[in-house]
Structure formats: structure tokens, C-alpha cells
Amino acid sequence: MGNRRNFLNVVLLGAASAAAAGARAQAKPVELTESDPVAMALGYKIDATKVDKAKYPKYVAGEACAGCQLFAGKPTDAMAPCAAFANKLVSGKGWCNAWVKRP
Ligand code: SF4
């Protein structure tokens, strides 16, 4: 019977960790903040009009996350995950130096 109990323990532990992984996957996506080190490195601003134009001359007025290829949402979404920031939520009105025009 000892072996059977061990087997059950392994199965139960496996199920518990699978459930924990599932809970993590469903966790609410995190919103990207401007103070995030990666956000700072790419000059991300929640409001594109606040972009440091001297530091990021690539920025053209009118560009925003909603019109960026990496914005994983509809152009009308207020927020959507962005692949450049490990799928953290970025503002549709935001901008960063990795901006690529949506095709
Ligand atoms: Fe916004 Fe595009 Fe930069 Fe992501 S990569 S933060 S969608 S501009």
C-alpha cells in the first residue's frame, strides 16, 4: 500500500501545482508604469504627448500605442498588452521608442 500512497501523493501534488500554474496564468495583467526600468529604457509615457522629444526624436506627433503593431488589442482599447514589455498593459494613448506602425 505504501507505493500506492506515494503514487497518490505524486498525482495530488501534480494536480495542485497545475492548479497553481492555472491561477497564475489567469492573474490580472499588470499595468506598465513609467517607472518600470524597461519602460524608462524605452521612454514609455502613458500620454504620448509627454514624450521627451529631445531624447526621442523618432516620435512623431499623433503616434500612440493604439496605432502600434505591438499593441495586442483593438485600436479603440484603452489598454492592451504589449509584447515589448512582457505583455504588461500599456495605454492606447501611450508611446515608447519601440513604436512600429500597425499594418
Ligand atoms: Fe506602445 Fe508600441 Fe511601445 Fe508597446 S511598443 S509601448 S504598443 S508604442
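Since every read-out is calculated from the coordinates, none of them should be taken as a lab result. Not measured: the values here are computed from a predicted model. Note: ideal-geometry Cβ built from the backbone for every residue, glycine included; neighbour counts use all protein chains shown.
Key figures
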quantity: Filtered residues of the stretch 86-103 (kept if under 13 Å from P57 (Cα atoms) and either more than 6 Å from the ligand (Cβ to nearest atom) or not in a loop (DSSP other than H, G, I, E, B) (or both)); calculated: W95, N97
quantity: Test set (1) within 11 Å of the ligand (Cβ to nearest atom); (2) surrounded by fewer than 18 Cβ atoms within 10 Å (Cβ to Cβ); (3) of a type in the set (S, T, Y) - S35 fails condition number; calculated: (1)
